[in-house]
1. Give 39, 25 a once-over and let me know the one that is over 22 Å from the mean Cα position of the chain (by Cα) and not basic (Lys, Arg).
2. Select from the stretch 63-115 the residues that are modelled with pLDDT of 90 or more and polar (S, T, N, Q) and write down the one among them that is farthest from residue 129 (Cα to Cα).
3. Collect the residues in the stretch 189-227 that are open to solvent by less than 40 Å² (accessible area, probe 1.4 Å), more than 16 Å from residue 130 (Cα to Cα), assigned to a loop (DSSP other than H, G, I, E, B) and modelled with pLDDT under 90, keeping them in residue-number order.
4. Sort out for me the strands (runs of 3 or more DSSP E) sitting completely within the stretch 41-133 that have 1 or more residues that are touching a helix residue (DSSP H, G or I) at 6+ places or on another chain (Cβ under 9 Å) and either surrounded by fewer than 16 Cβ atoms within 10 Å (Cβ to Cβ) or of a type in the set (S, T, N, Q) (or both).
5. On the basis of being among the hydroxyl-bearing types (Ser, Thr, Tyr) and loosely packed, with under 14 Cβ neighbours inside 10 Å, does residue 2 make the cut?
6. Name the pairs: first residue in the stretch 32-45 and more than 9 Å from residue 66 (Cβ to Cβ) and modelled with pLDDT of 90 or more, second residue open to solvent by less than 60 Å² (accessible area, probe 1.4 Å) and of a type in the set (Val, Ile, Thr), Cβ to Cβ under 7 Å, at least 6 apart or on different chains?
7. Would you pick out the residues in the stretch 164-188 that are aliphatic (A, V, I, L, M) and either surrounded by fewer than 20 Cβ atoms within 10 Å (Cβ to Cβ) or more than 22 Å from residue 103 (Cα to Cα) (or both)?
8. So residue 6 fits all but one of (1) assigned to a helix (DSSP H, G or I); (2) within 18 Å of residue 81 (Cβ to Cβ); (3) within 22 Å of the chain's Cα centre (by Cα); what number is the exception?
Amino acid sequence: MTTKIVIIDDHQLFREGVKRILEFEKAFQVVAEGDDGSEALGLVQEHQPDVVIMDINMPQMNGVEATRELIEKFPNTKIIILSIHDDENYVTHALKTGACGYLLKEMDADALIEAVRVVADGGSYLHPKVTHNLVNEYRKLAAGVAHGGGYVPTVEIRRPLHLLTRRECEVLQMLADGKSNRGIGESLFISEKTVKNHVSNILQKMNVNDRTQAVVVAIKNGWVEVR
């Protein structure tokens, strides 16, 4: 099946770059483009896309405001926010508004394609760097509550060798570190294709939908270090 996509971004060159990357995938079709959040509602109504990719910062109506309106009118709309901000406040605000994904504009082509696939299939996707920041903040808050904001003892890390291979445990740790597939491949001296296979196996074995869920589950179980 073809995944229909609408792109909303006020920087034409960046928008065209995103479009070219997406259209390399035979299963993707960019059906419309806009340069402001105020256009999003009409474009979604007209084209009924599967995924909307939208910049967070636009002059008249920003991506978060547009997301709120789209979700109110079209509750099943799947939106990926594009941003230069990796601060957890931006991320959580976008997700609370109804976005299914959050990508930094420093993303590589693989991350963009993976994000669209995951979100189109009903999952959620966060840029690896954003995932790491959010999880780190979550860990600090949880530890502060558990220990009254005082000294937090070192958590014993127990690798899930009952579930994953040693190599998959290494990949899972690097997901928690916020590394992209390319970064993991460079660190382990393996190809990106091999990394993708490892990540797919990890998700299947952990029974989760995406890498963000995998990292959260791993931290809750003490399977990875947050550093």
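1. 39
2. The selected residue is 67.
3. Hits for the stretch 189-227 are 208, 222, 224.
4. Numbers: elements: 51-55, 78-83, 101-104.
Qualifying strands (runs of 3 or more DSSP E): 78-83.
5. Numbers: among the hydroxyl-bearing types (Ser, Thr, Tyr): yes; loosely packed, with under 14 Cβ neighbours inside 10 Å: yes.
Considered against the rule, which asks whether it is among the hydroxyl-bearing types (Ser, Thr, Tyr) and loosely packed, with under 14 Cβ neighbours inside 10 Å, residue 2 comes out as yes.
6. 32/6; 33/7; 34/8; 43/6; 44/6; 44/52; 44/77
7. 164, 188
8. With respect to (1) assigned to a helix (DSSP H, G or I); (2) within 18 Å of residue 81 (Cβ to Cβ); (3) within 22 Å of the chain's Cα centre (by Cα), residue 6 is out only on (1).
The values are calculated or read from the model by the stated rules, or taken from the named source; none is laboratory data. Just so it is clear, the model here is predicted, and its values are computed rather than measured. All Cβ positions, glycine included, derive from the backbone under ideal geometry; neighbour counts span all protein chains shown. Side chains included, ligands, DNA and RNA excluded: accessible areas come from the protein's heavy atoms. Shrake-Rupley method; radii C 1.70, N 1.55, O 1.52, S 1.80 Å.
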